[in-house]
Structure formats: C-alpha cells, structure tokens
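All remarks here apply to the structure that follows.
The values are calculated or read from the model by the stated rules, or taken from the named source; none is laboratory data. Quick caveat, the model's predicted, so the values are computed rather than measured. Note that each Cβ is placed from the backbone with ideal geometry, even for glycine, and that neighbours are counted across all protein chains shown.
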Amino acid sequence: MVALMAIKENRSKSPIILAGDVGGTKCNLALFQENGASLDLLFQRRYATKDYASLSFQAVIRDFLRHAAESGASISSKSITAAGFGCAGAVVNDRFHSANLPWVLVGQEIAREMGLKSVAMLNDLEATAHSLDHLPSKDLLALNQGVAQPHAAKALLAAGTGLGEAILFWNGRQYHAAPAEGGMADFTPHTEREIELLRFLKRRMPHVCAEEVLSGRGFSAIHEFLDTSMRHSSFDLSPSEAAREITQNAVAGSCPICLETLDLWVSAYGSEAGNLALRVLAFAGVYVAGGIAVKILPKMQDGTFLRAFCDKGNFAPILARVPIYIVLNEDAPLWGAAYRALASAIV
C-alpha cells in the first residue's frame, strides 16, 4: 500500500464521485468533486488487493471511506452521488469477470448497498480511453506529432501485466470508447527474428497470443529465446521482477542480451500498434498507456517503436502521419472511470 493523499476539503454541494482502478495487484480508489466541466481530486488511496482477498470489494470501499473521513475531507458515503470502476478484465451484464481478482463486482449491487444513483463498470482500457479528453498536455508525450484527421477514430493500447486495447469512435457529438480484447488475439510477427520467436513459444504453449509477448511476462520469454544460458537472479522470482531487472539492465546498458530483449519487445509493440491503427483507421491518433512504456521512455523515443509502427508496405507514408502519444499519467484509468461515472450521473 502507498500512503494516503488528501488533496482538498469538500466545501460545496457539487456531486461527489467515487472512482476506482481495480486490478489483481492493486486497488486504487479516489473521490472527486465536480467543478464545472471538470473534476477535482479530493482524496486518493491505494490498497494491495491481496490484503483484502478474504473480504468483499465493498469492505475495501468501507475502509477507504473511513480513511477519507480520518483525513479531514468531510466526506461520507451519503455525499457520494455515483461511482465508476475500471477493471482489468471483461464487463458482461454489469458484472465484472476476471481470473485475477478475488472479488465479484456487480454494479447494481454496489449502487444498492451504497445508495448511489449509478455505478459505471468499465474495462480498464475503456476507462483510460474516457480520460484522454481530460488529461492536461503535460500528461501526454508525443512520439510522433503527425496530423490528426478531425473526427477520425482513435486507438489506445497499454502493456503492463497484460496487453489491453480500446477504440474510440466519433458518434457525431463526441468520442465513444469501445473495449477490445486484442491482447488475446494471435501474436503477429513482422520480422524474421519475431517469426523465430513465435516458433520458440509455440513449442511451449498451444496458443501464442499477443499478450504472451507484449506484456511484462514477455520480457523473460524473449530473453530466454535470445540466450537460454544467460539468467539473472530475478528469473527465479515473479515475471514482474524479471521484467523490471531486464528493462533496468537494458536502459543502463549493463547487459547486451537485456538490451537486445528490449529492442525486440519495443519493435514488436510498435508493430502491434501499427496493426491496430490500420484495423480501425485510427487517423486521429494512437495512444500508448500502461506502466511499461513510462518506465522505458528513452527506448520508446529512439525511433524503434515508430519505425515498426510505420513498417506496413504501401501504407507506411499514411501511418507516418498518425499522431502517437504516450500517456504519462498512470492514474489515467482512475480519472477516466470518474468522468464516465459523472456522465452517467447527470444523464
């Protein structure tokens, strides 16, 4: 858990929104207050999901509200109008499904127990997509300035524990976010080395999805593919620890195999982003979110990602004009869930 953060007091009667970014490792909760067309952060706290595995999700919320009250924010459950939760998994019929969570989240049940007007249940990438129009410019780093086509589609992908993707379509008034499961689609190699990587992984598993390569666990798989004899101490720990050591070694230039691993990973990530851009004609922009990109910014900026993104034959000149941004704010899913909850509450 990280330390709680009280930002400001609740001084008016504007709607209060409860929002959450809920995952298998951490549960990030926050309270926001409407301020005109925007939201102000009132209070935020992160919880380790495993610490509440034997309890209900509502127990986490109760603990969160207790901490909010103790912070002096003068907020009670009765002052909350609506809630929104972005979760790493699929939302079907208001119920969130994930093998990585110890809880079952049902929007209507949460609304009934808390007396809320509405609860928005979102895939985490869908939640991130809802944040894009509200993030300040400092939270977006341009990898390619490009020339955005007005009202064209946008695409979002985020590599972290898994690989998430989402699409934004213009509906005539605003952008509508739609989740996708591109991470579960087949890994598509675009170089001879990536073809060999696919063969290497196929010997180990029946289905090599994109997420097997383009996620945290992909780093150790690529590293082993490149050199089975080279092992680091973290390889006997979790995939996240192995990914951390490989990327740190690569950025520091202390291990040639780690450096080669990162180069292959970023190239494959850029190729997948280019594939997604073509599939949805994302000529208004492609956004790269998730924790990994932020941690390897120098490599994301050295041209490897962009070259692979554009390497699509006759479409290369077209893709070279697509704006590409890295989302630097890792709380983007939290903000997106909050704005989606606010929109649901005022309908």
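Per-structure values
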item: Matching entry among 294, 288, 322 (being within 30 Å of residue 34 (Cβ to Cβ), in the same structural domain as residue 146 (by TED's automatic domain parsing) and touching a helix residue (DSSP H, G or I) at 6+ places or on another chain (Cβ under 8 Å)); result: 288
item: Residue 40 vs. criteria in a strand (DSSP E or B), farther than 20 Å from residue 108 by Cβ and modelled with pLDDT of 90 or more; result: yes
item: Residue match in segment 305-315 (condition: modelled with pLDDT of 95 or more, within 30 Å of residue 31 (Cα to Cα) and surrounded by fewer than 19 Cβ atoms within 10 Å (Cβ to Cβ)); result: no
item: Of all residues making up segment 278-322, the number that are of a type in the set (S, T, N, Q) and in contact (Cβ under 8 Å) with a residue 12 or more places away in the chain; result: 2
item: Selection count where residues are outside any strand (DSSP E or B) and either surrounded by 14 or more Cβ atoms within 10 Å (Cβ to Cβ) or under 12 Å from the mean Cα position of the chain (by Cα) (or both), scope segment 152-181; result: 6
item: Residue in segment 226-237 that is part of a helix (DSSP H, G or I), within 27 Å of residue 180 (Cα to Cα) and at pLDDT 95 or above present; result: no
item: Single residue of segment 187-218 satisfying the filter (among the polar types (S, T, N, Q) and either outside the structural domain of residue 316 (by TED's automatic domain parsing) or more than 23 Å from residue 235 (Cα to Cα) (or both)) that is nearest to the chain's Cα centre (by Cα); result: 188
item: Residue 65 being in contact with a helix residue (DSSP H, G or I) (Cβ under 8 Å, 6 or more places away or on another chain) and without any contact (Cβ under 8 Å) to a residue 24 or more places away in the chain; result: yes
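For (1) within 21 Å of residue 114 (Cβ to Cβ); (2) among the hydrophobic types (A, V, I, L, M, F, W, C); (3) part of a strand (DSSP E or B); (4) at pLDDT 95 or above, each residue gets a yes or a no:
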{"residue": "24", "(1), (2), (3), (4)": "no, no, no, no"}
{"residue": "27", "(1), (2), (3), (4)": "yes, yes, yes, no"}
{"residue": "30", "(1), (2), (3), (4)": "yes, yes, yes, yes"}
{"residue": "34", "(1), (2), (3), (4)": "yes, no, yes, no"}
{"residue": "55", "(1), (2), (3), (4)": "yes, yes, no, no"}
{"residue": "60", "(1), (2), (3), (4)": "yes, yes, no, no"}
{"residue": "63", "(1), (2), (3), (4)": "yes, no, no, no"}
